[in-house]
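Notes follow once the structure below has been shown.
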Amino acid sequence: MFQKKECVVMLLAGGQGSRLYTLTESTAKPAVQFGGKYRIIDFPLSNCINSGLDTVGVLTQYQPLVLNEYIGNGQPWDLDRSRGGVMVLPPYQGKNGADWYSGTANAIYQNLNFIDRYDPDYVLILSGDHIYKMDYAAMLDYHKKMNADCTISVLEVPLSEASRFGIMNADENGKIFEFEEKPKQPKSTKASMGIYIFNAKLLKEYLIADENDPNSSKDFGKNIIPKMLDDGKSMYAYPFSGYWKDVGTIASLWEANMDLLGDKPEFDLYDKNWRIFSRTSARPPQFVGEDAKIHGSMMSEGCEIYGCVENSVLFDGVYVAPGAVVRDSVIMSGTRIEAGARVEYSIVDADTVICAGAVIGAKNEEDKIAVIGTKLTVPAGMTIAAGEMVNEAKLSELKEGGNIA
Amino acid sequence: MNAIGIIFANLHERNIPELTRIRTVGSVPFGCRYRLIDFTLSNMVNSGITDIRVVTQYNYQSLMDHIGSGKDWDLARRSGGIKILPPNMRYNQNYMGGAHSRLESLMGIAASLNHIKEDYVIMADCDGICNIDLDDLLRDHIANNADITMMTKRLNINGGLSETATIIEADESGRITDLAMNPKYAEGEHDVALNITVINTKYLQNIVQEAIAHGFTSLTRDIMMRNKEERNYRIYRYEGAFATISSLEDYFATSMELITNTAFRSALFGIDRRPVLTKVRNSAPTRYTDASVVKNSLIADGCTVDGTVENCILFRGVKIGRGAVVKNCILYQDTVVGENVFMNCVISDKNTVIRDGNVLAGHPSKPYFIGKNQML
């Protein structure tokens, strides 16, 4: 027995996120750590539960282990339900063969059976690579009020940056008349946030048609949305204002973390009316030692700080030894920064050791960020230049090169 | 593990009346993000016990709120799991204020003791702060074919005992020869009960029925002292780190030891695969502003530090205002310290507000205590 749900959420979380380099070598992008104790997917999942949406399918494909384990039964987000709740939807083998998800539209198409069980009126499509707080219920109200077939959430971006986005050209009532993917000469500044609400029946028709079109690349932005527009469907742009960041690149991931710092952070994690939930490990409180210096930073439980931490985000269980310095950096869970090491303008992934005296990254005008992968040991005294991407292979190369001071 | 757990949440509350006025001993906050019961519960869970009953008499709202469904300890289960057992009051029966001893508490939950398929029961109070593998205790109990085994620690008691402490005499083989509750005459080194006890399930069931029949009220006086010749009562000496709270001053000193004594801290929190589990509150990480100066402190998540913090224990969601100087303080959940406040040796209960510019000071031997929800 499946209870009817007004709206089912489909969260696209299968992306590799190749522009995050070593951070996504063994983890899907939505499972990348963000903001001292979260993973990227916590934001859409928390938005769902805070918006009263309790039926969420999470479509996974690339390196799903960490992500699946993290989502688990959905308990941290109150999505462990008997009716609805969160459900991980990997690609599967069917009667007519097995298929990987070949595009965003195909991923939803392959899971129409999941959607059908709840007989929803609406389907909300989200992606798992953005940091923002948004009330999807308000967007759904707008969708209903406009009597739309499809509503797309849009954000005003500076004209200079508009050519990086899918741009929605809409009339004064918000009705979209044109969609341009990364236009050279943008006509408006309404950028699509990759958040769509569809009337469920119509979506199903279009997905089936698109699946049968051999020339389609099975993508919402490239195929489904333009096709609906061509067919004269009623499509509306829902204006969103507030913090929204695509953390698909090293630079933007670092920036978004930095946006949490300072006296008046650009992005507020402390709003009691819109809490961001996450799965936490049982760690003791953070300990700050006698000679520690901590300024303008954020850190989580299990950290032990004896050195200097400035303008940085530290995840749970990070150890900063006496005499070590961490500045303008993001240090993920369980990483150790040993005595006298210096880490600046860097992202260091989880469970890595930066041995004594090593120097990672450097302050630079272009905000070039050095990245150190997970479970690595950067030997004592090694210098890693600003903007360097270090995974296991690169580290052995550096070791052979004798780049040790 | 072939044992269930029974936890007494209220016992020893008269040792710390300030902190237990509105809560059980089990729900007294300790160590930044824990409640005392977390240590007992985690010891049981980490030792493989999956059926735990928490006996309580009054003041148990905070306890119930803390434990919830038990999911944070993996105790939300279809079979076993955690059960809170409040007093068994009946219509038309005068309730006389409840049980004051372990045996009375057990009599109150007699019906719940009838169907236990495990062969042993591990009983523990909430006044012990430790990280112990209870499997060692149970193995010792079984190997010695004991009826009851009480965990003890050799302590020099010249410094005084808490009002509710029991000292135990045992012969060289470990067999108990005498038990005494807070004896004023005792001096020197003795085995002091850590209030963690193993008992055979059948024997426990018999004791409870006998106590109901005869009106017995004390496990030590009415049962163990009477039967110590015939029965095999034993001690199990624990050598590791253990702290108990005998007064508010003692609470303050033990809390500060978490900061100053690295060995104590790692004996509690640093043991691999034996984490201390607690209720997840989902606070954001703690934020330190550019003006923050922090040293020698234990700090939970969800705090905002905009001032100076030295030798402090900050629970979740504490706010320290700009220019404030806070030293040697224990600030409970959501305490707000205003701008330019000076505080030394203060314990603030939950949701207290210390407004801008206040100066408050206690002394390590007499910490200044601010009750819950107060505003200064």
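Every read-out reported here was derived from the displayed coordinates using simple, explicitly stated rules and does not represent laboratory data. Predicted, not measured: the structure shown is a model, and the values here were computed from it. As a convention, Cβ positions derive from the backbone with ideal geometry for all residues, glycine included, and neighbour counts pool all protein chains shown.
Some observations on this one:
- Scaling against 2.2 N^0.38 Å puts the C-alpha radius of gyration of the range A:130-195 at 1.13.
- When every Cα-Cα distance of the range B:176-289 is counted in 10 angstrom steps from zero, the calculated P(r) takes the values 9, 26, 29, 23, 10, 3, 0 percent.
- The label point for A:E365 and the one for B:A253, both projected 7 Å from the Cα toward the Cβ, are 6.2 nm apart.
- Equivalent ellipsoid, the range A:212-261 (semi-axes from 5 times Cα gyration tensor eigenvalues, Å): 33, 17, 5
- Diffusion coefficient, µm² s⁻¹, Stokes-Einstein with Kirkwood Rh over alpha-carbon pairs of the range A:134-279 at 25 °C and 0.890 mPa s: 145 µm²/s
- Added length on full extension, which subtracts the Cα-Cα distance from 0.36 nm per residue, A:D259 to A:K375: 39.1 nm
- The C-alpha atoms of the range A:155-231 occupy a region whose extents along the principal axes are 38, 27, 19 Å, arranged from largest to smallest.
- Of the cross-linked pairs A:K201/A:K227; A:K144/A:K204; A:K144/A:K245, those separated by over 22 Å at the C-alpha level are A:K144/A:K245.
- Eligible aspartates and glutamates near A:K37 by straight Cα distance, threshold 12 Å, same-chain separation 8 or greater: A:E301, A:D316, B:D301
- Think of chain B as a dipole: +1 on every Lys or Arg Cβ, -1 on every Asp or Glu Cβ, centred on the Cα centre; then among B:N373, B:I330, B:F216, B:N373 lies furthest on the positive end.
- Charges were assigned to the Cβ only: +1 to each Lys and Arg, -1 to each Asp and Glu. The resulting dipole of chain B about its Cα centre is roughly 1060 debye.
- Close amide-amide hydrogen proximity is noted between A:T55 and A:V9, A:G85, each under 5 Å apart and 5 or more residues distant or on a separate chain (H modeled in the peptide plane; Pro and chain starts excluded).
- Amide H contacts under 5 Å for A:L89, placed H, 5+ residues apart: A:V58, A:L59, A:T60
- Value of Rg to Rh for the range A:1-153 (Rh from inverse mean 1/r over Cα pairs, i.e. Kirkwood): 0.95
- Measuring against 20 Å, Cα to Cα, the residue pairs B:K117/B:K279; A:K29/A:K222; B:K295/B:K319; A:K4/B:K71; A:K145/A:K218 contain B:K117/B:K279; A:K29/A:K222; A:K4/B:K71; A:K145/A:K218 as the ones spanning a longer distance.
- Calculated diffusion of the range A:9-75, Stokes-Einstein form, Kirkwood radius summed over Cα pairs, 10 °C and 1.306 mPa s, µm²/s: 130 µm²/s
- Spatial separation of Cα centroids for the range B:286-313 and the range A:309-361, in angstrom: 19 Å
- Charged neighbours of A:K233, selected by a Cβ distance under 13 Å, balance to -1 (K, R count +1; D, E count -1).
- Cα convex hull, the range B:91-229: 145 Å³ per residue, rounded to a whole number.
- Per-residue Cβ neighbour rank within 10 angstrom, fewest leading, A:H143, B:H190, B:H214: B:H214, B:H190, A:H143
- Within 10 Å of each Cβ in A:296-308, the average number of Cβ atoms from other chains: 4
- The label-point distance for B:E118 and A:K175, in a model that sets each label 7 Å from Cα toward Cβ, rounds to 6.9 nm.
- DSSP bridge orientation in the protein assembly as shown - percent antiparallel, rounded to nearest 5: 35 percent
- Against the main long axis of the alpha-carbon atoms of chain B, helix B:201-214 sits at an angle near 80°.
- Estimated dipole of the range B:1-118 in Debye, rounded to 20 [Cβ of Lys and Arg +1, of Asp and Glu -1, Cα centre]: 160 debye
- nm² value of the averaged projected area, convex hull over the Cα atoms of chain A: 21.6 nm²
- Sites B:K184 and A:R117, calculated FRET efficiency, Cβ-Cβ separation with R0 41 Å, nearest 0.05: 0.05
- Average silhouette area of chain B, convex hull of alpha-carbon atoms, in square nanometres: 19.5 nm²
- If you look at the Cα atoms of the range A:304-405, you get an Rg and a Dmax of 11.9, 33 Å.
- For the range A:233-324, convex hull of alpha carbons as volume per residue, Å³: 156 Å³
- On Cα atoms only, tilt of B:134-143 relative to the major axis of chain B in degrees: 10 degrees
- Values of log10 I(q)/I(0), in the order q = 0.10, 0.12 Å⁻¹, for the range A:242-393 under a Debye, Cα-only, solvent-free model: -0.33, -0.47
- Stokes-Einstein D for the range B:1-67, Kirkwood Rh over Cα pairs, 10 °C, 1.306 mPa s (µm²/s): 129 µm²/s
- Taking the three principal axes of the alpha carbon atoms in the range A:73-172, the coordinate ranges are 47, 30, 30 Å, sorted in descending order.
- Where only C-alpha atoms are counted, convex hull volume of the range B:259-358 per residue in Å³: 99 Å³
- Residues A:Y206, B:Y288, A:Y62 in ascending order of nearby Cβ atoms (within 10 Å, fewest first): A:Y62, A:Y206, B:Y288.
- A Gaussian network model of chain A, with springs between Cα atoms under 10 Å, assigns the largest mean-square fluctuation among A:Y238, A:Y92, A:Y122 to A:Y92.
- Bridgeable lysines around A:K399 (alpha carbons under 17 Å apart, same-chain partners fewer than 8 residues away excluded): A:K375.
- Extents of the protein assembly as shown, largest first, come to 93, 64, 56 Å (Cα atoms, principal axes, whole angstrom).
- Cα centroid separation, the range A:92-171 to the range B:4-39 (Å): 49 Å
- Computed from the Cβ-Cβ distance with R0 of 45 Å, the FRET efficiency linking A:K187 to B:N2 stands at 0.05.
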